[in-house]
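Down below is the structure, laid out as structure tokens.
The values are calculated or read from the model by the stated rules, or taken from the named source; none is laboratory data. Here the structure is a predicted model, which is why all the values come from computation and not from measurement. Please note: Cβ atoms are built from the backbone with ideal geometry, for glycine as well, and neighbour counts cover all protein chains shown. To get the accessible areas, we keep the full protein, side chains included, count just its heavy atoms, and leave off ligands, DNA and RNA. Shrake-Rupley method; radii C 1.70, N 1.55, O 1.52, S 1.80 Å.
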Amino acid sequence: MNSLYRYCGLTLAADRPLPELPAAARDMIPDLEIVNGDVPAALPDEICRTATFAHNGREALWWLEGIGRFQVAAAGRRITVEPALAADDASLRLMLLHPVFALAGVLRGDWLLNAAAVEREGQVCAFIGPSASGKSTAAAILLQAGYRLVSDGLLRVTRDAQGRFLAHPQAPWLQLWPDTIRHLELAVTPRSGVRPGLALLRLALPLCDRPLPLARIGLLREQRGNDLEGFVPSRRPGASGFETLLQHTAGNAWLDDLADRRALFQWG
């Protein structure tokens, strides 16, 4: 029997346990189905094939040696998972819930940002930036100041009937390195490793309970060493801002192949 989970504002029906995610009510209609099964080596009428990805414009394959193979079909509403023989289950779920979920989002036409986000007084502030720019750390500092967690990794954004951009809660965790946890003196429990062989820890934290207006997106630069630069806000208008958003859209490597460019431009 499939279990139902909530993730990025969507209901997932999965026939494999996803212990990182909160359960959804049994009467919810699934937005995305995750099933175990055989994944083909190739798709009919393939348009593109790389070392880890293939698609035919309607569905896609993604694979990683030692982890498994994934097929995204039904317009991004079904993911078939075929684990590698010696695959670690935590690593498999990590791939499923980030790159493969982002690939499904591209096929569905969703907008997902690689972002950490927090909420206060009914408005959401998100942080984008390259790896090691401090997105999760910035979120952790604001959580200590009374903000609530919205996302740490993937932020799904939609529009309501009034045209407002809404940020949907991802999952009740924040992922931080041990030295960051010590430096910020965080005493959050329970905590668990993200995957074997990686020191990154996942902290269980309360999550914002509903989608809320997205008020700000802040771009952080990579920080080197222990001397953090002062934060100087500046706008990125027009084409510069649009290009920045595309760079930090989850699954951006597949946008040219699979996304609706006109819709992306309207989002931007």
Take the alpha carbon gyration tensor of region 98-182, find the square roots of its eigenvalues, order them as a ≥ b ≥ c, and report rounded if a/c is under 1.5; if not, report prolate when a/b exceeds b/c, else oblate.
oblate
Return the distance in nm (one decimal) between the two label points of a simple spin-label model at E185 and A42, each offset 7 Å from Cα along Cα→Cβ.
6.2
Compute the accessible area per residue over the chain, keeping the other protein chains in place, probe 1.4 Å, unit Å².
52
Could you give each residue of region 163-172 its phi-based ³J(HN,Hα) in whole Hz, using Karplus coefficients 6.51, -1.76, 1.60 with θ = phi - 60°, and x for Gly or Pro?
x, 6, 7, 10, 9, 9, x, 8, 7, x
Please list, in order along region 117-128, the HN-Hα scalar couplings obtained from phi with the Karplus expression 6.51 cos²θ - 1.76 cosθ + 1.60 (θ = phi - 60°), rounded to whole Hz, x for Gly and Pro.
9, 9, 10, 8, 6, x, 10, 9, 10, 10, 10, 10
Once both labels are modelled 7 Å past Cα along the beta-carbon direction, what's the A87-R262 spacing in nm?
3.7
With +1 on the Cβ of every Lys and Arg and -1 on the Cβ of every Asp and Glu, and nothing else charged, how large is the dipole of region 85-187 about its Cα centre, in debye rounded to the nearest 20?
280
Student exercise, the chain dipole from Lys, Arg, Asp, Glu Cβ charges, in Debye to nearest 20:
620
Residue order for H248, H55 - accessible surface, 1.4 angstrom probe, largest first:
H248, H55
Given points 7 Å out from each Cα along the Cα-Cβ axis, report the R221 to Q247 separation in nanometres with one decimal.
1.1
What whole-number distance in Å separates the alpha-carbon centres of region 145-161 and region 26-46?
26
Rounded to the nearest percent, how much of the accessible area of region 38-144 (1.4 Å probe, protein heavy atoms only) is carbon and sulfur?
54
Ordering F242, F165 by the accessible surface of their heavy atoms, 1.4 Å probe, largest first, yields F165, F242
In Å², nearest 10: area of W267 left accessible to a 1.4 Å probe:
60
Heavy atoms only, 1.4 Å probe, whole protein assembly: order M28, M95 by accessible area, highest first.
M28, M95
Counting sequence-distant residues (5 or more places) and residues on other chains, those with an amide H built under 5 Å from that of Y7 are L12
Which residues qualify? For M28, with a placed amide H closer than 5 Å and at least 5 residues away or on another chain, they are none
Probe 1.4 Å, all chains present, heavy atoms only: R77 accessible area in Å², nearest 10, is 120
Using amide H atoms built 1.01 Å from N in the peptide plane, name the residues 5+ places from A116, or on other chains, whose amide H lies under 5 Å from its own.
F127, G153
For region 59-129, give the magnitude of the charge dipole about the Cα centre (Cβ charges: +1 Lys/Arg, -1 Asp/Glu; no others), in debye to the nearest 20.
180
I'm checking a number: the convex hull volume of the Cα atoms of the chain, normalised per residue, in Å³. What is it?
152
